[in-house]
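Heads up: the structure comes next, in structure tokens.
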Amino acid sequence: MSVGFDVVSLASAADREAELEELRAGLTGAPRELQPRWLYDERGSRLFDEITRLPEYYLTRAERSILRRDAAEIARLTGADTLVELGAGTADKTRLLLDALAPRRFVALELSESALARSSKALAREYPATEVVGVAGDFRRHLALLPSGGRRLLAFLGSTIGNLTPPLRARFLRDVADALAGGDAFLLGVDLVKEPARLLAAYQDAAGVTRAFELNVLRVLNRELGADFAPEAFEYAARWDPAAEWIEMSLRSLRDQTVRLPALGLELGFAAGEPMRTEVSAKFRITGIAAELRAAGLGVTRSWTDDAGDFALVLAERL
Ligand code: AVI
């Protein structure tokens, strides 16, 4: 029997205001920075999908290999009848969890309503016994508004948590803890600390897809906010920060220039060589992420790594 699918939107005018305020603060700060959310328009999402298939970008393959091996055990340990996936998942990883859990309901939370409508329709067709609900929203703002009921497994895969700076990460994990009811579980994918050369290669691929993905953010700001960034006047750079244990990605101005953002009433002067941080991608140690989870009120029940020890899935519940 087919129970179909539904797509709802949680985005409000207040959220948009908050996003723009955060953008303004980031662009006018020193050093300048953006929130990764601006990277994911249609083209950005397509480029990120391409990144996940690059030979240097081991993260997606490593996580998928854990799910192939251990999804059945995750299903047994959690007994979940509802899967809630936070953030854009690549469909094949979602399917591994859906196959193992055979849930009554699948809830997907992601920013793009059009991408959600496409993926929800496809999944509803493939999993006719599962009710599919697409929720257009932001995992940083809307966890408390997700559908409740059933025994839920909240999954946040792909090491997307690494794109949050430590204060935002702590707040996100507290929101997750608040959103979990007794019996619910949280499955978190984290990329592990390893040799800097391999990490850097994953963010400086030979084909230049990551470069195109990061530069695309300027086109997004031009289109959505009427800015006049000249993408050819910026270059992409990635570096490993050993103290923070993250890869820092930025766009550096190739010359002295002024950029206008009429929607924010801003005129920004960039000096030649000045960086604007587009993303951080933190790398984790199991003991470190367990401590962060604990500080948020979450206890680790199990963790798994792939055979090479590159990536981990951590299962947690409310303490
Ligand atoms: C989505 N996120 C986990 C990616 C990462 O690896 O930090 C984003 C990315 N940016 C450039 N390459 C991949």
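The values are calculated or read from the model by the stated rules, or taken from the named source; none is laboratory data. These numbers were taken from a predicted model, which means no experiment stands behind them. With ideal geometry, Cβ positions are generated from the backbone for all residues, glycine too; neighbour counts draw on all protein chains shown. Ligands, DNA and RNA are excluded from the accessible area calculation, which covers all protein heavy atoms including side chains. Shrake-Rupley method; radii C 1.70, N 1.55, O 1.52, S 1.80 Å.
In this structure, does residue 319 turn out to be farther than 24 Å from residue 206 by Cα and open to solvent by less than 30 Å² (accessible area, probe 1.4 Å)?
The answer is no for residue 319.
So how many residues does the stretch 176-192 have that are closer than 16 Å to residue 289 by Cβ and more than 16 Å from the ligand (Cβ to nearest atom)?
Residues meeting the conditions: 4.
Of the residues 27, 39, which single one is modelled with pLDDT of 95 or more and touching a Phe, Trp or Tyr at 6+ places or on another chain (Cβ under 7 Å)?
The match here is 39.
Counting residues that are within 14 Å of the ligand (Cβ to nearest atom) and modelled with pLDDT under 95, which strands (runs of 3 or more DSSP E) fully inside the stretch 91-168 reach at least 1?
In the stretch 91-168, the matching strands (runs of 3 or more DSSP E) lie at 105-110.
Can you confirm whether residue 53 is under 26 Å from residue 313 (Cα atoms) and surrounded by fewer than 18 Cβ atoms within 10 Å (Cβ to Cβ)?
Answer is yes for this residue.
Mind counting the residues in the stretch 81-121 that are without any contact (Cβ under 8 Å) to a residue 40 or more places away in the chain, more than 18 Å from residue 8 (Cβ to Cβ) and open to solvent by 10 Å² or more (accessible area, probe 1.4 Å)?
7
Taking residue 249 as meeting all but one of (1) more than 22 Å from residue 22 (Cα to Cα); (2) within 16 Å of the ligand (Cβ to nearest atom), write down the number of the exception.
(1)
Go through the stretch 306-319 residue by residue and tally those that are out of contact with any helix residue (DSSP H, G or I) (no Cβ under 7 Å at 6 or more places or on another chain) and part of a strand (DSSP E or B).
1
Taking the condition assigned to a loop (DSSP other than H, G, I, E, B), more than 13 Å from the ligand (Cβ to nearest atom) and under 21 Å from the mean Cα position of the chain (by Cα), does residue 206 pass?
no
Go through the residues of the stretch 140-151 one by one and say whether even a single one is open to solvent by less than 20 Å² (accessible area, probe 1.4 Å) and touching a helix residue (DSSP H, G or I) at 6+ places or on another chain (Cβ under 7 Å).
yes
Would you mind finding the one in 37, 46, 16 that is open to solvent by 30 Å² or more (accessible area, probe 1.4 Å) and within 12 Å of the ligand (Cβ to nearest atom)?
Going through 37, 46, 16 in turn, just one is open to solvent by 30 Å² or more (accessible area, probe 1.4 Å) and within 12 Å of the ligand (Cβ to nearest atom): 37.
Would you check if there is a residue in the stretch 74-86 being more than 15 Å from the ligand (Cβ to nearest atom), at pLDDT 95 or above and under 16 Å from residue 160 (Cα atoms)?
For the stretch 74-86, residues more than 15 Å from the ligand (Cβ to nearest atom), at pLDDT 95 or above and under 16 Å from residue 160 (Cα atoms): present.
Among the numbered conditions (1) assigned by TED's automatic domain parsing to the domain that holds residue 170; (2) open to solvent by 40 Å² or more (accessible area, probe 1.4 Å); (3) touching a residue at least 12 places away in the same chain (Cβ under 8 Å), tell me where residue 304 comes up short.
(2)
Quick one: in the stretch 23-34, which of the residues that are open to solvent by 50 Å² or more (accessible area, probe 1.4 Å) and of a type in the set (D, E, K, R) is farthest from the ligand (Cβ to nearest atom)?
Once the filter is applied, the top-ranked residue is 24.
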